[in-house]
Amino acid sequence: MEGWKWIKVAILLCLLPFTTARDLKFNLMQKQQLPRYNHTLATIMVEYASAVYMSDLIGLFTWTCSRCNGLTKGFEMIDLIVDVQHCLQAFVGVASDLNAVVIAFRGTQENSLQNWIEDLFWKQLDLNYPGMDDAMVHHGFYTAYHNTSLRPVILSAIQEVNELYGDMQIMVTGHSMGGAMAAFCGLDLTVNFGYQNVQVMTFGQPRIGNAAFASYYSQFVPNTIRVTHDHDIVPHLPPYYYFFAKKTYHHFPREVWLYNIMYGNLVFKTEKVCDGSGEDPTCSRSVSGNSIADHLVYYGVEMGCDDESDNSCKIVMDARVAASATQDQLGNFIFTKNSSFSTLKMNGERVHLVDSS
């Protein structure tokens, strides 16, 4: 009889992780107001997430680049920030058709996407998120937004837009690591600065925190959509371990999974709006995350750098743009909308090259 007692105890201990995961999923789905997915809005935001990768800064700043002439026409750039030190890039501007401030982040390329992905397999939760009990996040992703040149310029630009245009909706986007920074930005604007009209939409975003963080995030930034694509490897990283629900990385909701259905020789593109758990087993988690190709295309839009000959991102500037930019002691550039940029054209001679690898 004594042996059976210990066996029962062992079974209960084994079931604890499952119970915790189920309870967390239930709590997440019950306590939040899940956002509605808008396909048209997603196809617009993905173009902003793609454009921020452009290395041609004059084309990007004047919004005349090759990726700036689609559904985002008429966008007015306010600030463009290039953090050369960390190979990061972001912009803030006004989209009159959306009546919103748009913030877009480009993730770091580091040496190569392959190396970055391999590194994510071994990343651990290593930072307590300030002011949130038990919430832990990825130190690198947190630092990329909070401790680089991007954040202060973005905050200043939002304040400037509000002074000029009044209180507008704020829409934050990014792809890959840029998606991770977009999420931290959305949370920062809501928790630390009291903005109530923040919407986040990311593409191919990795996990950035544990289950406690996902729960807090979903309460503060409920209007969030994470779009994943078929077998894209990055949303599967860092790995999710079902048996360690409190300690493992955990996605926050809401996911929209893009995938293909094969019927003979026909291919049907499908969009599945997932549940509110953040880890819906019928969405991207239902397939193996083993594709870099799926990571680089969303809604048919190319994501990543425009210079395919190099794994690192470079920036190309017209000499007049370089002369007009503000540069800090670390070599980072800040381009602010002013009258001097109104005369810049795409036919200027590009003579300034900076390797941000």
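The values are calculated or read from the model by the stated rules, or taken from the named source; none is laboratory data. This one's a predicted model, so the numbers in the text were calculated from it and none came from an experiment. As a convention, Cβ positions derive from the backbone with ideal geometry for all residues, glycine included, and neighbour counts pool all protein chains shown.
Does GLN33 count as of a type outside the set (A, V, I, L, M), modelled with pLDDT under 90, touching a Pro at 6+ places or on another chain (Cβ under 8 Å) and surrounded by fewer than 22 Cβ atoms within 10 Å (Cβ to Cβ)? Taking the combined requirement at face value, the residue satisfies it. So which residues in segment 283-300 are among the aliphatic types (A, V, I, L, M) and either under 14 Å from TYR259 (Cβ atoms) or surrounded by 19 or more Cβ atoms within 10 Å (Cβ to Cβ) (or both), if there are any at all? Passing the criteria: VAL287, ALA293, VAL297. Looking across segment 232-264, the residues that are touching a Cys at 6+ places or on another chain (Cβ under 9 Å) and either farther than 24 Å from ASP133 by Cβ or among the basic types (Lys, Arg) (or both) come down to ARG254, GLU255, VAL256, TRP257, TYR259.
Each residue in segment 45-59 was checked for being aliphatic (A, V, I, L, M) and more than 12 Å from VAL82 (Cα to Cα), and 5 of them qualify. Candidates GLY140, GLY74, GLY107: the one that is under 21 Å from ALA51 (Cα atoms), of a type outside the set (Lys, Arg) and free of Cβ contacts under 8 Å to residues at least 24 places away in the same chain is GLY74.
Might you check whether a residue that is under 25 Å from MET77 (Cβ atoms), at pLDDT below 65 and not in a helix (DSSP H, G or I) occurs anywhere in segment 291-305? The answer is no; no qualifying residue exists. When the residues of segment 263-295 are filtered to those that are without any contact (Cβ under 8 Å) to a residue 40 or more places away in the chain and in contact with an Asp or Glu (Cβ under 7 Å, 6 or more places away or on another chain), the one that is nearest to ARG36 (Cα to Cα) is CYS274. Filtering segment 248-279 to residues that are assigned to a loop (DSSP other than H, G, I, E, B), buried (at least 22 other Cβ atoms within 10 Å of the Cβ) and not hydroxyl-bearing (Ser, Thr, Tyr) leaves HIS250, HIS251, PHE252, PRO253, ARG254, CYS274, GLY276, GLY278, GLU279. Looking at this structure, is CYS87 buried (at least 16 other Cβ atoms within 10 Å of the Cβ) and on the phi > 0 side of the Ramachandran plot? Answer is yes for this residue. Of all residues in segment 218-247, exactly one satisfies the criterion of being surrounded by fewer than 22 Cβ atoms within 10 Å (Cβ to Cβ), part of a loop (DSSP other than H, G, I, E, B) and free of Cβ contacts under 8 Å to residues at least 40 places away in the same chain, namely TYR241. Among the criteria (1) assigned to a strand (DSSP E or B); (2) among the β-branched types (Val, Ile, Thr); (3) modelled with pLDDT under 70, the one VAL321 does not fulfil is (1). Note on segment 158-177: among residues that are under 18 Å from ILE78 (Cβ atoms) and modelled with pLDDT of 95 or more, the one that is nearest to the chain's Cα centre (by Cα) is GLY174.
Here GLN205, GLN199, GLN124, GLN169 are screened, and the one residue that is loosely packed, with under 15 Cβ neighbours inside 10 Å and either of a type outside the set (Gly, Ala, Ser) or out of contact with any His (no Cβ under 8 Å at 6 or more places or on another chain) (or both) is GLN124. When GLN114, GLN85, GLN124 are checked against the criterion of being among the polar types (S, T, N, Q) and outside any loop (DSSP other than H, G, I, E, B), GLN114 stands alone in meeting it. When restricted to residues that are touching a helix residue (DSSP H, G or I) at 6+ places or on another chain (Cβ under 8 Å) and of a type outside the set (A, V, I, L, M, F, W, C), segment 122-136 contains 6. Are any residues in segment 139-166 buried (at least 19 other Cβ atoms within 10 Å of the Cβ) and in a helix (DSSP H, G or I), and if so, which ones? Of everything in segment 139-166, those that are buried (at least 19 other Cβ atoms within 10 Å of the Cβ) and in a helix (DSSP H, G or I) turn out to be PHE141, TYR142, ALA144, TYR145, LEU150, VAL153, ILE154, ALA157, ILE158, VAL161.
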